[in-house]
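Here is the structure we will look at, set down as structure tokens.
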Ligand SMILES: [Zn+2]
């Protein structure tokens, strides 16, 4: 990923998407209005932040990136694999629908999700000019959110997996992501999990590399062009909220993707 300063905000972009008519950024926590522990660009509405600060944060994001707030679609992320194919933005009076995978082929519509350690995946089909975004923590990863995203692109837009271009954003690294045996046991049976993306130490210590596992799931689904950020949300406190590092009291950073006219 490449770092970019956008006025008061700082974001990261996938270099493999740069040549296409698609606009995607993972927005860091810097440059917002929220106070500790949501400092400062928190986009999470259910973390306990002051609603006035949240509104100001959204406003600066819309203005900085030229996003039409009436054409933003976001969801209530519930650690599942439900897919929403949307053709319009979510209006203020419309409650969030539950989903962890969003897809669209409507130009100008922004798909937005929120993160603090979980894996963000964005995907683009240059042939059919369609996009998707997904959210996967360990629960979503066990259920193969990444593979489900690829299938959703194929079934909705007739995408060929090998033609898709994907990016995996900042998420918690293996050293910072120790899990219990009951979680690790659910990963043992997955064919994509091996010693390159998981670690078992004697004395019952278990670790997972969620970015690499999601990347392996994309590959298993047939995607070849994948850019993995390799950025850890827990290591890099300057730029990212981390649920694990901050023991649950933290904000959410945003990742979005939008189709542009080609
Ligand atoms: Zn780390």
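FYI, it's all coordinate maths here, none of it is from the lab. Note that the coordinates shown come from a computational prediction; the quantities given were computed from them, not determined experimentally. Neighbour counts run over all protein chains shown; Cβ positions are idealised from the backbone, glycine included.
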- Message: Could you work out the percent of alpha carbon pairs in segment 73-115 separated by over 15 Å, rounded to a whole number?
- Response: 37 percent
- Message: I'd like the distance between the alpha-carbon centres of segment 143-197 and segment 1-25, rounded to an integer number of Å.
- Response: 23 Å
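Where Rh is the Kirkwood radius over the Cα pairs of segment 171-218, the temperature 4 °C and the viscosity 1.567 mPa s, what D in µm²/s does Stokes-Einstein return?
Calculated translational D: 121 µm²/s.
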- Highest-first arrangement of 21-30, 215-224, where packing means the average Cβ count within 10 Å: 21-30, 215-224
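If the viscosity is 1.002 mPa s and the temperature 20 °C, what translational diffusion coefficient in µm²/s does Stokes-Einstein give for segment 133-198 when Rh comes from Kirkwood over Cα pairs?
157 µm²/s
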- State the volume of the convex hull built on the alpha-carbon positions of segment 1-80, expressed per residue in Å³ and rounded to an integer. 130 Å³
- So what is the orientation-averaged projected area of segment 158-262, using the convex hull of its C-alpha atoms, in nm²? 8.9 nm²
- Message: Based only on Cα atoms, what mean projected area does the convex hull of segment 59-186 have, in nm²?
- Response: 8.9 nm²
- Could you state the per residue volume, in Å³, of the convex hull enclosing the Cα atoms of the chain? 116 Å³
